[in-house]
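Working notes for the structure below.
The values are calculated or read from the model by the stated rules, or taken from the named source; none is laboratory data. Keep in mind it's a predicted model, so treat the numbers as computed, not measured. Heads up, the Cβs are rebuilt from the backbone with ideal geometry, glycines too, and the neighbour counts pull from every protein chain shown.
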Amino acid sequence: MICVGRTGTSARPLVLDGGLATRLESYGCDLGDALWSARLLVEDPAVIRRAHRDFFEAGADVAIAAGYQANVPALTARGLARSEAVRVVASSVEMARAERDAHGSGLVAAGVGPYGAFLADGSEYTGSYGLDEEGLYRWHRERWHVLADSGADLMACETVPSLPEVRALRRLLAETPGVRAWVSLTCRDDSRISDGTPLRDVVAELAPAYAEGSLVAVGVNCVAPSKVPALVRTVAEAGVDAVAYPNSGELWDAVSRQWTGTSEPADFGAAAVEWWRAGAVLVGGCCRTGPEHIAEVRAHVDRAVA
């Protein structure tokens, strides 16, 4: 069994998968929809399983299930009955577990996207929601409990931009004994999360849950790779294990509506070793990273710990 957390930099980090939506788009899937990849949970679940399979075959230890934008309000708004919407949310984990079992090893993390993913307005990079901690707690609660009962090994609370949402998720973790999670944040620079809260203050809020064992790591995702070392060190300096899965390094040009810059998988893999040395026990990729990036992360990590 693969263990998570309290490993330090002397042990092998776990390799996360890459950008699920990026992989789906590489197959020709159209994700131009407010439900994004969650739409395929209903319309083409086999293609989601295929994406998980590709990442496991590339060397990932952990699959993050396709729950980022799968939530009951969004699904019922498309005409699904509430019971069917609940089933679809849970199915995100079932698909990842099926591919993990076929692969023979690994972990499955239930994908818990932020409230901004439901809004589909980019607010997961600002935290400007118009909901306070209590409102966010209530919004997340139904999906949280569905995923907590889904058989996932972990909960991946990802792309979280604000301290109120962190606090809401911490409350939900506290009310589900036996469930383990990580929290990864979006950041505006190399010291503050997207709503401007210093990362060190967020880590201090979450440190008690880490000490109790329900939280396995705190870190960042969907940020530029160049920001990761300083952010991971901030987490590690607080005595907490870190998680890091940034974007490829390419930049989105909103005017031309295309990605610019380049991403070299081998460079990404080499950078992942530095994140591990800085304190990350879980390393992988987010947007614009595919199996080729994860294969390089696997190869570089294996050489570094050999």
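For region 238-260, check the following and say yes or no: at least one residue is surrounded by fewer than 20 Cβ atoms within 10 Å (Cβ to Cβ) and among the aromatic types (F, W, Y). Yes.
What are the residues in region 145-166 that are over 23 Å from G122 (Cβ atoms) and not polar (S, T, N, Q), if any? Residues satisfying the conditions are H145, V146, L147, A148, D149, G151, A152, D153, L154, M155.
All told, S226 falls short of being touching a helix residue (DSSP H, G or I) at 6+ places or on another chain (Cβ under 7 Å) and polar (S, T, N, Q).
Scanning region 215-233 for residues that are surrounded by fewer than 24 Cβ atoms within 10 Å (Cβ to Cβ) and of a type outside the set (G, A, S) yields a total of 5. Looking only at region 48-84, residues that are surrounded by fewer than 24 Cβ atoms within 10 Å (Cβ to Cβ), without any contact (Cβ under 8 Å) to a residue 40 or more places away in the chain and either in contact with a Cys (Cβ under 8 Å, 6 or more places away or on another chain) or not basic (K, R) (or both) come to 7 in all. Taking the criterion of being among the hydrophobic types (A, V, I, L, M, F, W, C), within 30 Å of G59 (Cβ to Cβ), in contact with a Phe, Trp or Tyr (Cβ under 8 Å, 6 or more places away or on another chain) and buried (at least 18 other Cβ atoms within 10 Å of the Cβ), would at least one residue in region 136-154 satisfy it? Yes, region 136-154 contains at least one residue that is among the hydrophobic types (A, V, I, L, M, F, W, C), within 30 Å of G59 (Cβ to Cβ), in contact with a Phe, Trp or Tyr (Cβ under 8 Å, 6 or more places away or on another chain) and buried (at least 18 other Cβ atoms within 10 Å of the Cβ).
Cβ separations smaller than 7 Å between residues 6+ apart or across chains give the following pairs from region 1-26 residues that are within 23 Å of G290 (Cα to Cα) to residues that are modelled with pLDDT under 95 and buried (at least 24 other Cβ atoms within 10 Å of the Cβ): L20/S37; A21/S37; L24/S37. Only one of the listed residues (D132, D101, D121) is at pLDDT below 95 and either within 15 Å of V160 (Cβ to Cβ) or not β-branched (V, I, T) (or both). That residue is D121. So for region 163-176 (the condition being crowded, with 24+ Cβ neighbours inside 10 Å, of a type in the set (D, E) and under 14 Å from the mean Cα position of the chain (by Cα)), does at least one residue qualify? Within region 163-176, not a single residue is crowded, with 24+ Cβ neighbours inside 10 Å, of a type in the set (D, E) and under 14 Å from the mean Cα position of the chain (by Cα). When you scan region 189-208, do you find a residue that is closer than 23 Å to A65 by Cα and in contact (Cβ under 8 Å) with a residue 60 or more places away in the chain, even just one? Looking for residues that are closer than 23 Å to A65 by Cα and in contact (Cβ under 8 Å) with a residue 60 or more places away in the chain, one finds none in region 189-208, hence no.
From the list A21, A70, A85, the one residue that fits, being out of contact with any His (no Cβ under 7 Å at 6 or more places or on another chain), assigned to a helix (DSSP H, G or I) and closer than 28 Å to S263 by Cβ, is A21.
Whether any residue in region 34-45 is among the polar types (S, T, N, Q) and modelled with pLDDT under 95 is what I want to check.
There is at least one residue in region 34-45 that is among the polar types (S, T, N, Q) and modelled with pLDDT under 95.
The criterion of being crowded, with 17+ Cβ neighbours inside 10 Å, closer than 22 Å to W182 by Cα and small (G, A, S) holds for S91.
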